[in-house]
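Trainee: Before anything else, here's the structure in question.
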Amino acid sequence: MQGYDLTPENTLKELACYSWTQPDPEGSQVTELEKGKVLFLPHLSFDLSAREQVLLDVSRVDPKRKNISYNPQIGRLTGVAYQADCTAIETLLSRHYQSCKTLVTALLPEYQQYLHSPVNTLRLHPVAAWRKSSSWRKDDSRLHVDAFPSRPMHGERILRIFTNINPHGEGREWRIGEDFPQLARRFYPHLGGYSPLSSWLQHLAGITKRRRTHYDALMLRMHDKMKSDEHYQQQGLQLSFQFPPGSSWICFSDQTPHAAMAGQFMLEQTWQLPVQGMKHPEYSPLRVLESLAGKALL
């Protein structure tokens, strides 16, 4: 698999954005994002009030949960350890969600009418802590693309906006891997077949929230194959990058191979995007995998 050069220049696109409401002078960044690049906004910070700074403590997370999550459409907050913190945490996450919506309007205006199912997440644990306590399948310090065992995506994209809110000067260290077409060619021969009956039975038993399509089965197997392949984790094409505190970054996490290696305290906004909402649907994992399979996967 020759011909692909993994460099910061073809992996990240740095934007001179100082405000959540500021359009990029170069115009929409949709094409760069859809090609699999990470949009890096080194000057886009999200300032916390003194009361919100106090919330940056792992004891605020329910011990049974990995993170605190907020669904702004229904006002549902989960993962908070103490009821007394709920109002302040909900206010913080709602404010970040609104800022991210404004940012999409400025940088990715084509997506406004298509994005849905927003979830905002407050990550308080240090990466090193959950690395020690996770199985290999749940260990996000292993290079992977996102795919959810219980939540089939039916080809829809996973768009994420991350913000490092660490108050102690600690960066968020990522490993970033090769582009998705090359990744897919590498793993597709090892992903196995698809059973519609098994998919139907898993949904019937409540294992999945809806039927797992052939596409979902392939993405989930790719996620697992990547994480379980020690040689790939160590020797696969990848580069390391530090996202400093006070910076934000955007990517399609189902397309860009990534692994969180170090850091603590982060805000994360997630949306789903239908393939028909893309400017270049041919870059989507769905279309790339369909080209390899030679057939529709939904």
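The values are calculated or read from the model by the stated rules, or taken from the named source; none is laboratory data. If you're wondering where the values come from, they're calculated on a predicted model, not measured in any experiment. Because the Cβ atoms are built from the backbone with ideal geometry, glycine has one as well, and the counts that use them run over all protein chains shown.
Trainee: Search the range 169-180 for residues that are on the phi > 0 side of the Ramachandran plot and pair each with any residue that is buried (at least 18 other Cβ atoms within 10 Å of the Cβ) when their beta-carbon atoms are under 7 Å apart and the residues are at least 6 apart or on different chains.
Mentor: Sorted first by the residue in the range 169-180, then by its partner, the pairs are Gly169/Pro245.
Trainee: Let me ask something additional. Any chance the range 178-197 includes a residue that's over 20 Å from His223 (Cα atoms) and in a strand (DSSP E or B)?
Mentor: No, that holds for no residue.
Trainee: Would you pick out the residues in the range 254-298 that are in a loop (DSSP other than H, G, I, E, B), of a type in the set (Gly, Ala, Ser) and buried (at least 19 other Cβ atoms within 10 Å of the Cβ)?
Mentor: Gly263, Ser284
Trainee: Hey, could you check the range 7-48 for residues that are more than 20 Å from the chain's Cα centre (by Cα) and either in a strand (DSSP E or B) or hydrophobic (A, V, I, L, M, F, W, C) (or both) and say which is farthest from Gly177 (Cα to Cα)?
Mentor: By that ranking, first place goes to Leu48.
Trainee: Kindly indicate which of His190, His231, His168, His214 is crowded, with 16+ Cβ neighbours inside 10 Å, at pLDDT 95 or above and over 18 Å from the mean Cα position of the chain (by Cα).
Mentor: Criteria check complete, one pass: His214.
Trainee: Taking the conditions exactly as written (over 30 Å from Thr102 (Cα atoms) and either assigned to a strand (DSSP E or B) or under 18 Å from the mean Cα position of the chain (by Cα) (or both)), does Leu239 satisfy them or not?
Mentor: Taking the combined requirement at face value, the residue satisfies it.
Trainee: Could you say whether any residue in the range 30-37 is touching a Ser or Thr at 6+ places or on another chain (Cβ under 6 Å), more than 22 Å from Arg172 (Cβ to Cβ) and of a type in the set (Val, Ile, Thr)?
Mentor: No, the range 30-37 contains no residue that is touching a Ser or Thr at 6+ places or on another chain (Cβ under 6 Å), more than 22 Å from Arg172 (Cβ to Cβ) and of a type in the set (Val, Ile, Thr).
Trainee: Any chance you could count how many residues in the range 143-153 are more than 14 Å from the chain's Cα centre (by Cα) and buried (at least 17 other Cβ atoms within 10 Å of the Cβ)?
Mentor: So the answer is 1.
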